[in-house]
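Single-structure report; data block below.
Values in this text are rule-based calculations from the coordinates and carry no lab data. Just so it is clear, the structure is predicted and the values come from calculations on it, not from any experiment. With ideal geometry, Cβ positions are generated from the backbone for all residues, glycine too; neighbour counts draw on all protein chains shown.
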Amino acid sequence: MLGFMYSVIRRDLLLVMRHPAEMVNPLVFFVLVIALFPMGVSPEASLLSQTAAGVVWVAALLATLLSLDILFKADYADGSLEQLLLTSHPAWALVIAKVIVHWLVSGLPLVIMSPLVATMLFLPADAIPTLLLGLLIGTPTLSLFGAVGAALVTGVKSGGMLISLLVLPLYIPVLLFGTGAVAAAVLGMPVGGYMAYLGAMLVFALMVTPWAAATALKVGQMQG
Amino acid sequence: MSWFESWHMPRWFYQMGSPKWFFEIGGRLQPWFMVAAIAMITWGLLWGLLYAPADYQQGNSFRIMYVHVPAAILSQSIFVMMAVTGLIGLVWKMKVAFMVARSCTLIGASFTALALITGAVWGKPTWGTYWVWDARLTSTLIMLFLYTGVIALNQAIADRSIAGRATAILSIVGTINIPVIKYSVEWWNTLHQSSSFSLTAKPTMPAEMYIPLLLMVVGCYSLIVWLVLQRTRNEILDQERQASWVARYLEER
Amino acid sequence: MYFTSLQHLIDMDGHGFYVWICYALFALTVAVNVWSAKRRQQRLLKLIKSQLRR
């Protein structure tokens with residue numbers, strides 16, 4: 001089964017690398033959305049630094065949402081998803097493999113980019129490691145819940161907007177704890193508890209979402 | 001066979017799965033639930049509106065509680081019911097279970113919206129502002145989003161059976177997440193609370209205030225059962241229209 | 001009864017506006033739900049009857 005997952009990961013990574021836009025677009029969107037805030041609200045450092053954590057996290061949520069298409073859409077369109085589901089390997093393993101690719105391609109770049117954009121928003125330097133760590137733990141959770149949404153809308157036309165409706169409510173706890181951690185860090189308070197909650201949510205997501213997404217994929221296969 | 005391999009649900013459980021059976025039994029039960037609903041809601045409302053003494057701190061605006069609290073309680077119960085019947089549909093492959101789940105969606109969403117709006121209106125005389133991001137209102141808002149997600153997914157998928165399964169998965173994931181969401185919102189709220197107020201957290205209410213609330217809650221539950229029965233039976237009529245028992249039923253009307 | 005007169009009932013010591021709006025919304029929610037369910041039933045019955053006659 002690990003061999004199966006490894007080959008799926010390798011194949012999907014190769015496919016993504018042939019279309020570098022899929023890797024770069026979420027990142028550009030992330031930075032662009034963040035840049036909109038000083039422009040639309042106020043370029044004042046005092047105001048921006050207060051909202052920096054929230055803005056970065058919300059942008060991360062939105063960028064993740066937009067990149068969820070890469071999970072299943074292409075494979076569904078050319079029929080290879082059906083083939084992958086028909087193998088003797090459990091469908092949830094397929095889901096995990098695809099989520100790993102999604103995170104490597106969309107979540108990880110966001111995490112790496114975050115110190116830069118946080119500085120643009122005047123987030124105090126002491127809080128940046130907390131932002132980084134929070135995003136590091138949180139973005140896989142976002143990918144996992146996103147996979148459920150993406151799986152549910154395979155085969156539905158204009159599924160993009162629908163995915164957002166389905167998945168954003170599930171993202172809210174991650175958002176709250178991630179930004180809460182940064183708020184605590186700015187005040188100089190310990191953040192261990194927040195990281196523990198984020199970690200617990202990741203574990204929780206790992207337990208629930210592969211099953212849910214796999215079931216949804218199989219259900220989606222029944223049409224057409 | 002070991003005992004759990006040969007264990008089955010009670011017979012009535014499988015009978016409920018038969019559209020014809022559900023339609024007929026549901027039809028016979030409906031009037032009772034409506035009678036109970038009308039009786040209890042009228043009694044509860046009149047009592048709460050006219051006879052209950054005004055609250056010491058809030059004055060007469062506390063009477064909104066008789067509408068807001070039942071709506072909030074019901075919005076949560078209906079969501080859970082939606083998920084449970086969805087689960088039943090998935091596990092026992094019962095079409096009727098999916099129909100029940102589908103019937104819950106709009107009813108639950110409307111009661112959630114009602115809870116939100118009445119909660120907000122209650123806020124104005126109580127805290128001086130129409131909206132406040134307190135834990136309860138925020139969690140209810142998130143639940144409304146979850147409902148709209150389920151409704152949107154239902155509309156987006158044409159095939160009823162697939163739609164039933166997909167929305168079941170979504171409502172199950174949503175329900176499992178509700179404690180997580182509630183916890184995170186409460187925690188977030190205590191973090192950002194500037195003034196320490198507490199929305200009527202079921203304080204020790206005198207009986208004259210409490211009993212009408214109880215009546216309202218039970219009465220609304222009755223109403224919801226009637227509504228779900230009605231909508232599910234509509235759905236059954238819609239999907240089973242070719243069946244011979246439907247033709248016979250129509251002749252008798 | 002807690003209220004001394006009809007005017008008192010409507011006014012509710014200044015809170016009348018809020019209370020009555022909420023009760024009205026409740027009535028509206030219930031009414032719309034019940035009415036739309038009933039209406040769908042009537043339409044379905046009519047539709048299926050006409051389909052069977054063919």
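Assorted remarks:
- Checked against a 21 Å cut-off, the cross-linked pairs A:157/B:95; A:73/B:182; A:73/A:98; B:20/C:49 give Cα-Cα distances beyond that limit for A:157/B:95; A:73/B:182.
- Rounded to the nearest whole Hz, the Karplus-based 3J(HN,Hα) values (6.51 cos²θ - 1.76 cosθ + 1.60, θ = phi - 60°) of the stretch A:146-162 follow the sequence x, 4, 4, x, 4, 5, 5, 9, 4, x, 8, 5, 6, x, x, 5, 4, with x at glycine and proline.
- Working note: 222 nm ellipticity from helices only, DSSP H runs with n ≥ 4, each -39,500 (n - 2.57), summed and divided by the residues of chain A, gives -27500 deg cm²/dmol to the nearest 500.
- In chain C, the DSSP-assigned H stretches of four residues or longer account for a calculated mean residue ellipticity at 222 nm of -28500 deg cm²/dmol, using -39500 (n - 2.57) per stretch and the full residue count as denominator.
- Between B:166, B:37, B:158, the residue with the greatest mean-square fluctuation in the GNM of chain B (Cα pairs under 10 Å linked by springs) is B:158.
- Neighbour-count order for A:68, A:187, fewest beta carbons within 10 angstrom listed first: A:187, A:68
- Using θ = phi - 60° and Karplus 6.51 cos²θ - 1.76 cosθ + 1.60, couplings along the stretch B:216-228 (whole Hz; Gly, Pro as x): 4, 5, 5, x, 5, 4, 4, 4, 4, 4, 4, 4, 5
- Residue order, fewest to most beta carbons within 10 Å, for C:38, A:157: A:157, C:38
- In plain terms, if you count all Cα to Cα distances in chain A and split them into 5 Å steps from zero, the share in each step is 1, 7, 15, 18, 19, 15, 11, 7, 4, 2, 1, 0 percent.
- Point-charge dipole on Cβ atoms (K/R +1, D/E -1) for the stretch A:2-219, about Cα centre, debye to 20: 320 debye
- Dividing the mean sequence gap of close Cα pairs (under 8 Å, 6+ apart) by how many residues the stretch A:2-219 holds gives a relative contact order of 26 percent.
- Equivalent ellipsoid, chain B (semi-axes from 5 times Cα gyration tensor eigenvalues, Å): 37, 23, 16
- Each Cα pair under 8 Å and six or more residues apart adds its separation to the average, and for chain B the resulting relative contact order is 34 percent.
- Taking every alpha-carbon pair within the protein assembly as shown, the share separated by more than 37 Å comes to 41 percent.
- Per-residue [θ]222 nm for chain B (sum of -39500 (n - 2.57) over DSSP H runs n ≥ 4, rounded to 500): -27000 deg cm²/dmol
- The angle separating the long axis of helix B:135-156 from the principal Cα axis of greatest extent in chain B is about 30 degrees.
- Residue of B:144, B:106, B:87 that the Gaussian network model of chain B assigns the largest fluctuation, springs spanning Cα pairs under 10 Å: B:106
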